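The block underneath contains the structure these notes are about, expressed in structure tokens.
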Amino acid sequence: MIKAIVAGAAGRMGSTIIRHILKTEGIQLVAAFEHPQSAVLGKDVAEILGLPEKTGVVVEDSLEKVIEKGDVIIDFTFHTASLAHARINARYGKAMVIGTTGFSREELTEIHELARKHFPLVQAYNMSLGINLLYKLVELATRILGQDFDIEIVEAHHRMKKDAPSGTALALAQVIARTLGWDESSFRFCREGIIGERPRKEIGIQTIRAGEIVGEHTVLFAGPGERLELTHRAASRDTFARGAVRAALWVVGKEPGVYDMHDVLGLKEV
């Protein structure tokens with residue numbers, strides 16, 4: 001039985017992940033924690049989720065208080081918090097699943113360096129099966145169309161999302177750039193005013209923030225006389241939570257290093 005610790009237990013993703021752990025075979029919730037000012041500290045996670053029966057797992061105020069209880073830490077919190085948790089975990093070597101977005105290049109580099117030395121990590125900006133298949137489809141479409149078609153990415157999320165563009169949109173842009181042999185100087189995040197003709201070597205990335213949109217990503221290939229659009233829409237956060245729990249079951253026991261959902265889902269061989 002895999003023993004799981006969930007960071008950000010009262011957050012949108014943390015609470016959804018806990019629900020999935022409680023109903024998934026082979027994994028057990030042994031601890032959960034929140035930031036020291038959280039109103040849910042000391043409460044049973046059942047109270048947070050509105051469940052009728054207590055789980056026996058109360059919310060603590062730090063990872064260090066609970067880390068020795070578990071085999072894997074699942075973290076969908078905030079970029080600075082996730083980095084702090086990785087630094088703590090470097091002393092313990094527990095497996096980690098990080099789905100947090102908004103990392104700077106320096107933060108993500110440090111997390112990956114810690115993982116390569118000290119613990120196995122599944123890190124991905126989006127853990128849904130559909131999105132990870134979309135990465136593969138976009139790579140294929142870029143190989144076939146990319147030299148002759150303009151490529152744009154449009155992403156939409158709820159009004160509370162703090163970072164823009166989404167980590168998934170950036171990951172899609174990186175797939176396209178890598179396939180074409182380009183670098184991130186080809187990314188175009190905003191257009192305004194008299195911008196002139198669109199250059200050929202450009203990947204447009206557009207952001208929408210509105211209402212309660214869980215997550216939508218479209219990659220548009222526009223060429224002479226035709227257009228191809230590849231779209232993924234998430235109907236609920238359950239999609240991401242299922243992927244996170246699947247990653248947690250997979251990563252425990254792996255060698256220290258950085259893995260992604262393509263490793264978890266076996267898509268690297270596709």
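Taking into account only those residues within the range 62-88 that are farther than 30 Å from residue 184 by Cα and in contact with a His (Cβ under 7 Å, 6 or more places away or on another chain), which is surrounded by the most Cβ atoms within 10 Å (Cβ to Cβ)?
Applying the filter and picking the extreme gives 73.
Which of the residues that make up the range 115-131 are open to solvent by less than 30 Å² (accessible area, probe 1.4 Å) and modelled with pLDDT of 95 or more?
Listed by number, the residues that qualify are 115, 119, 120, 121, 122, 123.
Select from the range 218-270 the residues that are touching a residue at least 24 places away in the same chain (Cβ under 8 Å) and of a type in the set (Asp, Glu) and write down the one among them that is most open to solvent (accessible area, probe 1.4 Å).
Checked the range 218-270; the qualifying residue most open to solvent (accessible area, probe 1.4 Å) is 255.
Could you tell me which numbered condition residue 212 fails, if it satisfies all but one of (1) over 16 Å from residue 101 (Cβ atoms); (2) open to solvent by 30 Å² or more (accessible area, probe 1.4 Å); (3) out of contact with any His (no Cβ under 6 Å at 6 or more places or on another chain)?
Among (1) over 16 Å from residue 101 (Cβ atoms); (2) open to solvent by 30 Å² or more (accessible area, probe 1.4 Å); (3) out of contact with any His (no Cβ under 6 Å at 6 or more places or on another chain), residue 212 violates only (3).
Just for the range 89-98: of the residues that are free of Cβ contacts under 8 Å to residues at least 60 places away in the same chain and farther than 15 Å from residue 123 by Cβ, which one is surrounded by the fewest Cβ atoms within 10 Å (Cβ to Cβ)?
Applying the filter and picking the extreme gives 91.
Matching residues to (1) open to solvent by less than 50 Å² (accessible area, probe 1.4 Å); (2) small (Gly, Ala, Ser); (3) touching a helix residue (DSSP H, G or I) at 6+ places or on another chain (Cβ under 6 Å):
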position	(1), (2), (3)
149	yes, no, no
153	yes, no, yes
157	yes, no, no
165	yes, no, no
171	yes, yes, no
199	no, no, no
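Failed condition for residue 56, given (1) closer than 21 Å to residue 243 by Cβ; (2) open to solvent by 10 Å² or more (accessible area, probe 1.4 Å); (3) in contact with a strand residue (DSSP E or B) (Cβ under 8 Å, 6 or more places away or on another chain), with all others met?
The single condition residue 56 does not satisfy is (1).
Test residue 105 against the stated conditions and say whether it is modelled with pLDDT of 95 or more and out of contact with any Leu (no Cβ under 6 Å at 6 or more places or on another chain).
No.
In the range 152-260, which strands (runs of 3 or more DSSP E) lie fully inside it and hold 1 or more residues that are over 25 Å from residue 136 (Cβ atoms)?
Qualifying strands (runs of 3 or more DSSP E): 203-209.
Taking only the range 23-40 into account, find how many residues are surrounded by 15 or more Cβ atoms within 10 Å (Cβ to Cβ) and either modelled with pLDDT of 95 or more or among the aromatic types (Phe, Trp, Tyr) (or both).
Of the residues in that region, 9 qualify.
The values are calculated or read from the model by the stated rules, or taken from the named source; none is laboratory data. Note that this is a predicted model, so its numbers are computed, not measured. All Cβ positions, glycine included, derive from the backbone under ideal geometry; neighbour counts span all protein chains shown. Note: areas computed on protein heavy atoms with side chains; ligands, DNA, RNA excluded. Shrake-Rupley method; radii C 1.70, N 1.55, O 1.52, S 1.80 Å.
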